[in-house]
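Take a look at the structure set out below.
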Amino acid sequence: MPTLAAATPVLGVLGASGGLGASTLAAALAVAATRELAASGLPAAVAVDGALGGGGLDTTACVEHQPGLRWPDLAGVRGEVCGADLVAELPRCAGGARVLAAAPGAPPPQGVVSSVVQAVRAVAGLVVVDLAGAGAEPGGDGATEPLLDACDAVLLLVGSTPRHLADAVAARTRLAARLPDGAVLLVVRGGSRSRGLATALADHLGLALAGCWRDDRRVVLDAERGRAPGEGPRSGLASLSGRLLERMAHHRRAA
């Protein structure tokens with residue numbers, strides 16, 4: 001996966017429906033990417049909370065107890081942002097990934113969000129944005145739109161029930177208006193559903209299938225033990241994250 005750091009891509013993760021685990025997947029991707037990047041001597045990945053008004057990505061990543069900058073701390077930033085200094089002040093997962101999370105308080109304005117994302121992108125090995133609330137919903141907070149606009153690609157996480165499918169169609173339509181063709185890839189969430197169903201969903205939505213996320217009790221166990229998603233041993237989510245990152249790297253090379 002060394003190609004990930006070549007152009008410092010920004011990868012978005014959007015759950016078409018609530019409760020599918022988009023924040024968990026975003027954190028796991030940052031953890032997995034940092035592990036691979038470190039093996040090549042490259043900078044760590046940064047996971048960015050897209051729900052600027054509340055969020056809680058630091059809780060998902062099990063770093064909520066750590067001091068460090070959150071989005072409200074950046075609301076008064078003016079002028080050029082030093083990415084290296086900023087990243088150094090972010091909470092850090094055990095594996096080395098950094099987390100820029102939301103917290104109670106006024107979110108930064110749109111211009112600051114854009115400056116911060118570009119500054120982080122300049123020094124990180126990969127930026128993974130949890131796109132919950134990041135301008136994907138109609139009437140969403142306009143201050144978060146730069147997060148979606150900065151993404152080179154988006155993993156759209158969908159479920160497999162009829163309601164999930166309706167949500168997926170709506171999310172796909174909104175993303176199509178903001179991203180170029182081929183920039184949105186599908187991840188299907190579901191217990192023991194067959195890959196045939198996932199392929200059918202991908203065909204229905206007109207998206208390339210990046211992977212399937214099976215339910216994994218280790219995700220809950222890791223959280224109970226204070227581990228970030230995908231950080232524990234024998235994690236199925238870590239394996240999935242590695243495959244998704246390889247898929248995204250291949251997608252970038254083919255683009």
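The values are calculated or read from the model by the stated rules, or taken from the named source; none is laboratory data. No experiment lies behind these values; they were computed from the predicted model shown. Positions of Cβ are backbone-derived with ideal geometry, glycine not excepted, and every protein chain shown enters the neighbour counts. Heavy atoms of the whole protein, side chains included, go into the accessibility calculation; ligands, DNA and RNA do not. Shrake-Rupley method; radii C 1.70, N 1.55, O 1.52, S 1.80 Å.
Summary table below
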item	result
Residues of region 80-115 classified as in contact (Cβ under 8 Å) with a residue 24 or more places away in the chain and assigned to a loop (DSSP other than H, G, I, E, B), total	19
Residue within region 243-254 that is touching a Leu at 6+ places or on another chain (Cβ under 9 Å) and at pLDDT 90 or above present	yes
Some residue of region 144-153 being at pLDDT below 90 and either β-branched (Val, Ile, Thr) or surrounded by 23 or more Cβ atoms within 10 Å (Cβ to Cβ) (or both)	yes
The one condition in (1) of a type outside the set (Val, Ile, Thr); (2) at pLDDT 90 or above; (3) within 30 Å of Ala202 (Cβ to Cβ) that Ala6 fails to fulfil	(2)
Residue match in region 39-47 (condition: closer than 22 Å to Gly125 by Cα, touching a Ser or Thr at 6+ places or on another chain (Cβ under 9 Å) and of a type in the set (Ser, Thr, Tyr))	no
Residue match in region 183-199 (condition: among the charged types (D, E, K, R) and not in a loop (DSSP other than H, G, I, E, B))	yes
Counted residues, region 37-56 - those being open to solvent by 10 Å² or more (accessible area, probe 1.4 Å) and in contact with a helix residue (DSSP H, G or I) (Cβ under 7 Å, 6 or more places away or on another chain)	4
Enumeration of residues in region 57-77 that are outside any loop (DSSP other than H, G, I, E, B) and either open to solvent by 20 Å² or more (accessible area, probe 1.4 Å) or without any contact (Cβ under 8 Å) to a residue 12 or more places away in the chain (or both)	Thr59, Thr60, Pro72, Asp73
Every pair of residues 6+ apart whose Cβ atoms lie under 6 Å, when the first sits in region 155-179 and is within 17 Å of Leu131 (Cα to Cα) while the second is open to solvent by less than 50 Å² (accessible area, probe 1.4 Å) and among the polar types (S, T, N, Q)	Gly159/Ser17; Asp167/Ser17
Odd one out for Asp181, checked against (1) surrounded by fewer than 19 Cβ atoms within 10 Å (Cβ to Cβ); (2) in contact with a Pro (Cβ under 9 Å, 6 or more places away or on another chain)	(2)
